[in-house]
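Some notes on the structure that comes next.
The values are calculated or read from the model by the stated rules, or taken from the named source; none is laboratory data. As the structure is a computational prediction, the values presented were derived from the model and not from experiment. Cβ placement follows ideal geometry from the backbone for every residue including glycine, while neighbour counts extend to all protein chains displayed. Quick note on the areas: whole protein, heavy atoms, side chains included, nothing else; ligands and nucleic acids left out. Shrake-Rupley method; radii C 1.70, N 1.55, O 1.52, S 1.80 Å.
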Amino acid sequence: MSTLFINISLVSFMVVIALMITFSHRLFAIIIMSGAYSLISAAMFVNLDAVDVAFTEAAVGAGFSTVLFLAAMAWLPAEEKRHKALLILPLIICLVTGSLLMWAVAYLPAFGDPTSIVHQHVAPRYLAESYDKLHIPNVVTTVLASYRGFDTLGETIVIFTAGLGVLLILMGKTGRTHNPTTSNDTARDEDVNEK
Amino acid sequence: MKNNPILRVISKTLFAPIILYGLYVQFHGDFGPGGGFQAGVIIAAAFILYGMVFSLDELKLLAPPSIVHALMALGALIYAGVGIATFLLGAEFLNYDVLADYPAKGQHYGIILVEFGVGLTVASTILGLFMAFAGFDIPKNTARDKNRKAVGRSQNKRASDD
């Protein structure tokens, strides 16, 4: 019961922060509030016994992305552009998408239902044999690194390639090919080769 | 922020404990919450704190970008390398059973190596992203490019005059 009460108060906090983000125009305040939003959702994950997810959310959502947004904010004006006219088309799209999602929620299995399909496939086997076979108490680690090791390899490579793409975009302009000294060096090397 | 003594002392004092905590999360992930993903972010956070309090140039001395970029690939290579090693030892890809005398021990070795690869990739990717974002400068570059073009043009002119 207390879990439910804490979750309801955390979610109402998140709704309030989301509304404040929507109505605020100062970018700095918006970034700090989205960090607070991530921190509260991390607290909610702890409350739901998903400590590993909470850890990631607190470190990446509340910590790192806030820092990245602040670094990006240095190139933006302090205030968001204000739209005076009410935008009808985006409002309609949001309402339609939102109501479609709410309609789909009605067909999902009940929250935390142990008899739902996703909990019937391989999860019981993992939970039953994980400790006897691997002697590792944290079942999240065994599923992530051993049973689903190939998926995690893909995940690591996704992080690597995503980082590589962002680095190429951000550092393309400042690459060494534009540096006059190195271009002179290569020219000199070519001269040497010709000789 | 470099001249504020409180920030400077506290960030230098916190640097080692943050990394120690990251290593704890990394290698204790089998027993408690945590693992490579979380540990990578925590270790990168220590470097980001250093870079924010001291300057980006100081951070680049501490963690040279070329090494950070190489570690990004090395982590993924360690992970895939464990898979190749199990291949060569005669099991399926990423089947850690064959890495030691008996399966449970092999699984322990495999999981620790794989999580280390994940942590390495995540930490260096996040650090590289931070350095790229913090060191990104459009106006300076365009100004420099214009100057260089102007210099190049004048040099060309001089060459044609000669």
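Based on DSSP H runs of at least 4 residues, each adding -39500 (n - 2.57), what is the mean residue ellipticity at 222 nm of chain A after dividing by all its residues, to the nearest 500 deg cm²/dmol?
Numbers: 8 runs with 126 residues, N = 195.
Theoretical 222 nm ellipticity from helices: -21500 deg cm²/dmol.
Could you state the accessible area per residue of chain A in Å², with a 1.4 Å probe and every protein chain left in place?
Here the per-residue accessible area is 71 Å².
Across peptide A:67-80, what mean number of C-beta atoms from other chains lies inside 10 Å of a residue's C-beta?
Across the residues of A:67-80, the mean count of other-chain Cβ atoms within 10 Å is 3.
Nearest 100 Å² is fine: how much accessible area is buried between B and A, summed over both sides, with a 1.4 Å probe?
3900
Nearest 0.05, what FRET efficiency do B:Ser66 and B:Leu7 give at R0 = 30 Å with Cβ-Cβ as r? Please list the in-between numbers first.
Working: r = 28 Å, r/R0 = 0.95.
Working from the Cβ atoms, E equals 0.60.
For the protein assembly as shown, give the percent of accessible area contributed by carbon and sulfur heavy atoms, probe 1.4 Å, rounded to a whole number.
Solvent-exposed carbon and sulfur of the protein assembly as shown make up 70 percent of the total.
Counting every Cα pair in segment B:1-149, what percent are over 18 Å apart?
Numbers: 7203 of 11026 pairs.
For segment B:1-149, the fraction of Cα-Cα distances above 18 Å is 65 percent.
Rounded if a/c is under 1.5, else prolate if a/b is larger than b/c, else oblate: which is segment A:110-168, with a ≥ b ≥ c the root eigenvalues of its Cα gyration tensor?
oblate
With θ taken as phi - 60° and the coefficients 6.51, -1.76 and 1.60, list the Karplus ³J(HN,Hα) couplings across segment B:122-131 in order, rounded to whole Hz; mark glycine and proline as x.
Computed from phi, the couplings for segment B:122-131 are 5, 4, 6, 5, 5, 5, x, 5, 4, 5 Hz.
Please average, across the residues of B:45-58, the number of beta carbons from any other chain that are within 10 Å of each residue's own beta carbon, and give a whole number.
1
State whether chain A is rounded, prolate or oblate according to the following rule on the C-alpha gyration tensor (a ≥ b ≥ c being the square roots of its eigenvalues): a/c under 1.5 gives rounded; otherwise a/b larger than b/c gives prolate, and the remaining case gives oblate.
Details: a/c = 2.46, a/b = 1.31, b/c = 1.88.
Taking the square roots of the gyration eigenvalues as a ≥ b ≥ c, chain A is oblate.
Run the numbers for A:Arg26 and A:Ile88: contour at 0.36 nm per residue of separation, minus the present Cα-Cα distance, in nm. All intermediate terms of the calculation are to be shown ahead of the outcome.
Working: separation 62, 0.36 × 62 = 22.32 nm, distance 2.36 nm.
Gain on extension, A:Arg26 to A:Ile88, equals 20.0 nm.
Based only on the alpha carbon positions, what is the Kirkwood hydrodynamic radius of segment A:1-80, in angstrom?
Hydrodynamic radius (Kirkwood, Cα only) of segment A:1-80 equals 13.3 Å.
What ³J(HN,Hα) values, in whole Hz, does the Karplus curve 6.51 cos²θ - 1.76 cosθ + 1.60 give for segment B:47-59 when θ = phi - 60°, with x put for Gly and Pro?
With the stated coefficients, segment B:47-59 comes to 5, 5, 4, 4, x, 6, 7, 7, 8, 4, 5, 4, 5 Hz.
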